[in-house]
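Notes follow once the structure below has been shown.
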Amino acid sequence: MPTLIVFCHLRWDFVFQRPQHLMTRLAEHYKIVLVEEPIYHEGQAHLQKREVAPNITVVQPHTAIHAPGFHDDQLPTLETLLAEGDLVPEGEKPVVWFYTPMALPLLKAFDPALVIYDCMDELAAFKNAPKQLLQRESALLNIADLCFTGGPSLYESKRERHANAHCFSSSVDAKHFQQAQDRGNSHPDQAHVAHPRLGFYGVIDERFDTGLIKEVAAARPDWQIVLVGPVVKIDPKDLPQAPNIHYMGQRNYDDLPKFLAGWDVCLLPFALNESTKFISPTKVLEYMAAELPSVSTPITDVKVPYGDVVAIADTPEKFIAACERMLNMSAEQQAALKERMRAIVANTSWDKTAEKMHHLIQTTEPGNKAARLLNPALDSADLDEVDADNVDALRIHPAAASRAAGQDGRVQAAG
């Protein structure tokens, strides 16, 4: 079984999302070794390995270096740890898969058979994104044999920069979220919350419109807003507080259908800013699998493909009105909406996505562009110069603009 090395900016035990969905399925074909960002540890640097699922080993580098993420200060130590870590059988050329371009210099620790960039988010648009990220992404796009994107907006922004780019929108584990159709299986931790319940789960960060939630809660104090997920890069004291806003904290993947089972309307209250310009929220299909009505702000990758199923609202007043409509649908309207949801969900699955990706990996001829990285004289500064003239300035990309009309070495994201 060939080895697949994955460099990821997200912890395996963080929100269960695209990397976990894909890797648990690709593990049927590959021995997965997922390398996380380093953790500060006083003393001898070392790799901590643990098997999290069949054929999936998570590797956590522990170093005595304070710089966060795949920071340049970490690279020499990480290169040594990876080279000595026995991650790949001797003589094997692994497939190397990147979720973050910041880890690109670590490719030198391997002799890759194929290099893949799975662009699940426009990380350079996130809060506190590393200053080298755009340049390093440009280098990765030059080197990668395959580029996958997490949605159509990202695909439009990358396809002109890579000849072998493919759009793989986030999908859904329908069977898992269909458990929520048993409305009597509501999570006991929300039993004290009255109805109607309007719910959201996911990471609460700069992409989450806290002002919108505050306005909805104030305008309709009889509505109960249930928010499930970790708070990241936002000071908790800046979160809206009201008797009808309920923070449930981060929950595991198995709990999500239970929360959904007790909701009346699902929310996608994303702020409209640089960090959300290219997002393709995984949860929109999960809400559909639960057969619950949803209301979203006008995120392109929600509005364009699903605008006939998800209510779209671009102001707080319209958002509140859309929630009202969803709560007051007739039985006939509910039945028609569920039919449309079922048709959408039936056409996609993470299983199909993983199989298509596997086929592309098997049939793509390596371009050997990564060979120059194996030159010991090439350091991270050189990498940042590769194709720097083609760096995509997020705010002025003409293709994305016409078609669609994050933190010092580490970035957190979630779908």
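Please indicate, with yes or no, whether at least one residue in the range 71-87 is outside any loop (DSSP other than H, G, I, E, B) and either under 19 Å from the mean Cα position of the chain (by Cα) or among the basic types (Lys, Arg) (or both). Give the derivation first.
So the first thing to find is which residues in the range 71-87 are outside any loop (DSSP other than H, G, I, E, B), and the list is 72-83.
This time we only want the ones that are either under 19 Å from the mean Cα position of the chain (by Cα) or among the basic types (Lys, Arg) (or both), so: none.
There is no residue in the range 71-87 that is outside any loop (DSSP other than H, G, I, E, B) and either under 19 Å from the mean Cα position of the chain (by Cα) or among the basic types (Lys, Arg) (or both).
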Taking the range 212-256 and the residues there that are small (Gly, Ala, Ser) and over 23 Å from the mean Cα position of the chain (by Cα), the one that is nearest to His192 (Cα to Cα) would be Ala242
Picking from Leu133, Leu154, Leu140, the residue that is in contact with a Pro (Cβ under 8 Å, 6 or more places away or on another chain), at pLDDT below 90 and buried (at least 21 other Cβ atoms within 10 Å of the Cβ) would be Leu133
(1) touching a Lys or Arg at 6+ places or on another chain (Cβ under 9 Å); (2) in a loop (DSSP other than H, G, I, E, B); (3) more than 29 Å from Lys283 (Cβ to Cβ) all hold for Leu104 apart from (2)
Restricting the range 157-172 to residues that are open to solvent by less than 20 Å² (accessible area, probe 1.4 Å) and within 19 Å of Lys283 (Cα to Cα), the one modelled with the lowest pLDDT turns out to be Ser170
Those strands (runs of 3 or more DSSP E) completely within the range 173-285 that have 2 or more residues that are at pLDDT 95 or above and surrounded by fewer than 19 Cβ atoms within 10 Å (Cβ to Cβ) are 245-249
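Considering only the range 311-327, state which residues are part of a loop (DSSP other than H, G, I, E, B) and either out of contact with any strand residue (DSSP E or B) (no Cβ under 8 Å at 6 or more places or on another chain) or surrounded by 24 or more Cβ atoms within 10 Å (Cβ to Cβ) (or both). Let's see the steps before the verdict.
Just the residues of the range 311-327 that are part of a loop (DSSP other than H, G, I, E, B), to begin with: 313-315.
Selection gives Asp314, Thr315.
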Subset of the range 284-301, residues touching a Leu at 6+ places or on another chain (Cβ under 8 Å), under 17 Å from Ala322 (Cβ atoms) and not β-branched (Val, Ile, Thr), comes to Tyr287, Leu292, Pro293, Ser294, Ser296, Pro298
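Results for (1) under 19 Å from Leu256 (Cβ atoms); (2) of a type in the set (Ser, Thr, Tyr); (3) open to solvent by 20 Å² or more (accessible area, probe 1.4 Å); (4) outside any strand (DSSP E or B), shown as yes or no for each residue.
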| position | (1), (2), (3), (4) |
| --- | --- |
| Val6 | no, no, no, no |
| Leu10 | yes, no, no, yes |
| Phe16 | yes, no, yes, yes |
| Gln20 | yes, no, no, yes |
| Thr24 | yes, yes, yes, yes |
| Glu28 | no, no, yes, yes |
| Ile32 | no, no, no, no |
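The values are calculated or read from the model by the stated rules, or taken from the named source; none is laboratory data. Given the structure is predicted, the values throughout are model-derived calculations rather than measurements. Cβ coordinates were reconstructed from backbone atoms using ideal geometry, including for glycine residues, and neighbour counts include every protein chain displayed. In case anyone asks, the SASA skips ligands and DNA or RNA and just uses the protein heavy atoms, side chains included. Shrake-Rupley method; radii C 1.70, N 1.55, O 1.52, S 1.80 Å.
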